[in-house]
1. Check which residues have an amide H placed less than 5 Å from L74's amide H, if you skip close sequence neighbours.
2. Find the percent of Cα-Cα distances in the range 27-187 that exceed 20 Å, and round it to a whole number.
3. Amide H of G49: which non-local residues (sequence gap of 5 or more, or other chain) have their own amide H closer than 5 Å, using H built in the peptide plane?
4. Could you go through the range 96-107 in sequence order and give the Karplus-derived ³J(HN,Hα) for each residue, using 6.51 cos²θ - 1.76 cosθ + 1.60 with θ = phi - 60°, rounded to whole Hz, and x for Gly and Pro?
5. Once Lys and Arg get +1 and Asp and Glu get -1 on their Cβ, which of A157, L104, G138 lies farthest toward the positive end of the dipole of the range 27-187?
6. Across the range 42-53, in residue order, what do the Karplus-derived ³J(HN,Hα) couplings come to in whole Hz, using 6.51 cos²θ - 1.76 cosθ + 1.60 with θ = phi - 60° and x for Gly and Pro?
7. Amide H neighbours of G138 under 5 Å, counting only residues 5+ apart in sequence or on other chains, H built in-plane at 1.01 Å?
8. Can you tell me the Rg and the Dmax, both Å, for the Cα atoms in the range 34-121?
Amino acid sequence: MKKLALLLLLASLVMSGWSGYALAERGDRSGTPWKTSESLRNLSRAAPGADGTLAVVSDSKQKIDRLGADGTLLGQMTYAASERGLRVDFNEAVADSDGRTYALVTVLDSYGLYVQSERIVRYDRSGSGGQVLYERKGDGKSKRIGQIKGLQLSGGALYFYEAVADKVQLMRIALPDGAPASVFTFTLPKDRYLSEITGTAPGQIYYTTRRGSIYQVSPDGVSAKLFPGSAQSIHSKNFPRAADAPRGRLAHVRRPSCQRGRDAGPARTRYDQDAAGRCRAAAHRARPGQL
């Protein structure tokens, strides 16, 4: 009887492990079902849910960990196992009040360079499911980052932006299973390229550019620069990141640029000297083994 019980226990463990492996191969849950903790490395995004959970993009954009309000691991999402020979990145993620996670999945070529496709994928509370709600094929020119940006949840709908050349289009998917529809379009200023964007209502849409400026879009589609806003700030080496506008007030993170252009020459101003000092100090603090 003891041998029989032992054999049954071993068979149960093997079947449980195989189930976890099979789910991982389909691009759903990447961990075993009983796993409740995980070391987080190379974080790039974090999206809080209304239920107190947190969706964290980690491992250099290779997976999403869904954490409970107490920090317990509730589920993991990955697409890497299901796309043989290609690199797949999670570039954005948002979580709804029911524990579902919506992710922007970017499929790159085998060199991790050119965008092959972009997908908006929905996962259930456990990290399983992997339902594709929207897909855009790559144009063969975009490198690493595609045309879809600004994944957001508002009023029972999922919003995102598509940027093609200087045209930016706000898209809406009514949840749970509505069809994608365009609700607003505007044009970027000349020689400006979209970096990040937030907001779902015309007049409360804000975006950053690759040159480090912040713009607000009016209801009639006109962009007004908000930052930098003074003559002396044109020398600023701070690049805004993670812009958001909760309750109509814009907030963003200013990331100092530690790399000057090849033709910039030596630091000539007090600001440049101070910025260089801050960058050296930041590099010193971030030495391996000291984080």
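The numbers here are math on the coordinates, done by the rules we state, and not lab data. This is a predicted model, so every value here is computed, not measured. Using ideal geometry, Cβ is built from the backbone for each residue, glycine included, and neighbour counts are taken over all protein chains shown.
1. Placed amide hydrogens put R66, L67, G68 under 5 Å from L74.
2. I get 49 percent for the Cα pairs in the range 27-187 exceeding 20 Å.
3. The list, which skips near neighbours in sequence, is L54, A55.
4. Karplus-based 3J(HN,Hα) across the range 96-107 equals 9, 6, 9, x, 7, 10, 10, 10, 8, 9, 10, 9 Hz.
5. G138
6. So the Karplus estimates, Gly and Pro as x, are 6, 6, 10, 8, 9, 10, x, x, 5, 8, x, 7 Hz.
7. Residues meeting the criterion, in which the H sits 1.01 Å from N, are S117, E118.
8. Both quantities, over Cα of the range 34-121: 13.1, 39 Å.
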